[in-house]
Amino acid sequence: MQTIDNYKFAGKKAIVRVDFNVPLDENGNITDDTRIRGALPTLKKILADGGALIVMSHMGKPKGKVNPKMSLAQIKDAVAKALGTDVKFAPDCAKAADDAKALKPGEVLLLENLRFYPEEEGKPVGIDKEDPAYNDAKKAMKERQKAFAKTLASYADCYVNDAFGTAHRRHASTAVIADYFDVENKMLGYLMEKEVKAVDNILTNIKRPFTAIMGGSKVSTKIGIIENLMDKVDNLILCGGMTYTFAKAQGGEVGNSICENDKLDLALDILKKAKEKGVNLVLATDAVIADDFANDANQKVVPVNAIPEGWEGLDAGPESRKLFAEAIKSAKTILWNGPAGVFEFDNFTGGSRAIAEAVVEATANGAFSLVGGGDSVACVNKFGLADKVSYVSTGGGALLEAIEGKVLPGVAAIKGE
Ligand code: AMP
């Protein structure tokens, strides 16, 4: 496989897929530029080597239509500032051949939002899945997607994918485009390389004990990854909102807590599987409950299986925090996805903070820790601990799919698989 370090960019044009899907305020100002900063090592390397850059990204969900609120023109100056050089802008990403052709070594062209074209995502628009004509529309759109990808590919000599956040999608710019470059001329960017290596560390290079912490709101959205992890981990901490589905499945009273009543059997099945596989499943034993879903609600600590009506569990209790910390501090490999409570409320951050602190301590003692999935990243950022874990992934869905063992189309396309 070609690598960004081995490739000779001098005199070449590189088309680079980045994730510049940054949050903007109502005036179009960037409120968090983490994603732009994340792509800089790759972009700067290509420029420093004497290459020219064609940078492409999506922003938001314009659903195949031009929408000025999601125009990348709004971030052009910020990108220029971050790169320390001028950035030209192509207002139509599918009609940028002339602009691309005119680029000289060291110059940068930013393409308009790829998702202004439905071809980027490749899903037929304006037709229902139930419609008998849907399959034909889908086939036709796949052909249009190939043509769109081919147009983008025609702008450059090589293709670099540095957008891990969209690597689990087979979109024109994330995967299909790679078909138009031979293996020598396509590669992962630095950010992608780092992400792929971090996942690899978790999946193949496991130092034991391996503790995974899965939190968040629901068991249903995490079931794929929980089942996959069951074959790999020594300790599995299941916390957050899913606590109450497990508590109820085992006959507990959970009051008004978030609970998936149609997943009670699934919860029992997970308990059984953990036993069969010898996995130490760690569930909360007590909860901080509240009489309202609000930061300033009244709160008290009760066992997870004895929550009165009118009250709901919003955080893991002190006894649970100790159990979690024990399973984390002894670990040599740690994966954390999803908070232990409603960490957005300052009065219900204790469980998530206890986890974060234990992960930090284990990392200081030599463990490899990967934190990923939107909310857990927000959580470590909130506690100011992001730089004290081994790796914070930029991927949400992509990270979870990779850890589930699924092949990411964006990575497979580069490898020529
Ligand atoms: P997810 O997107 O599934 O990872 O869920 C993250 C969300 O789960 C966060 O916004 C948390 O506020 C929420 N969450 C965690 N614990 C609870 C709980 N006990 N009750 C309700 N929501 C929760």
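Here are some notes:
- Relative contact order, whole percent, for the stretch 200-403 stands at 22, derived from Cα pairs under 8 Å and 6 or more residues apart.
- Across the options I75, T34, T151, the greatest Cα extent toward the positive end of the charge dipole of the stretch 13-188 (unit charges at beta carbon of Lys, Arg, Asp, Glu) belongs to T151.
- Sum of side-chain charges, K322 neighbourhood, beta-carbon under 15 Å (Lys, Arg +1; Asp, Glu -1): -3
- In plain terms, if you count all Cα to Cα distances in the stretch 324-375 and split them into 10 Å steps from zero, the share in each step is 27, 52, 20, 0 percent.
- Relative contact order (percent, whole number), the chain, Cα cutoff 8 Å, 6+ residue spacing: 15
- Projecting the Cα atoms of L111, A163, V55 onto the dipole axis of the stretch 13-188, where Lys and Arg carry +1 and Asp and Glu carry -1 at the beta carbon, places A163 farthest toward the positive end.
- Given a 1.4 Å probe and the protein chains as shown, K45 ends up with an accessible area of around 40 Å².
- Amide H contacts under 5 Å for F20, placed H, 5+ residues apart: H58
- Axis angle, to the nearest 10 degrees, between helix 350-364 and the longest C-alpha principal axis of the chain: 70 degrees.
- Prolate/oblate/rounded label for the stretch 13-188 (Cα gyration tensor, a/c 1.5): oblate
- Calculated on alpha-carbon atoms, Rg and Dmax of the stretch 200-403 in Å: 15.6, 46
- Amide proton proximity set for A306, modelled H, under 5 Å, gap of 5+: E253
- Set K95/K138; K101/K186; K65/K218; K186/K332; K218/K322 screened for pairs whose C-alpha atoms are more than 31 Å apart: K65/K218; K186/K332
The values are calculated or read from the model by the stated rules, or taken from the named source; none is laboratory data. In this text the structure is predicted, and so the values were computed from the model without any measurement. A quick note on method: Cβ atoms are made from the backbone with ideal geometry, for glycine too, and the neighbour counts reach across all protein chains shown. For accessibility, only protein heavy atoms count, side chains too; no ligands or nucleic acids. Shrake-Rupley method; radii C 1.70, N 1.55, O 1.52, S 1.80 Å.
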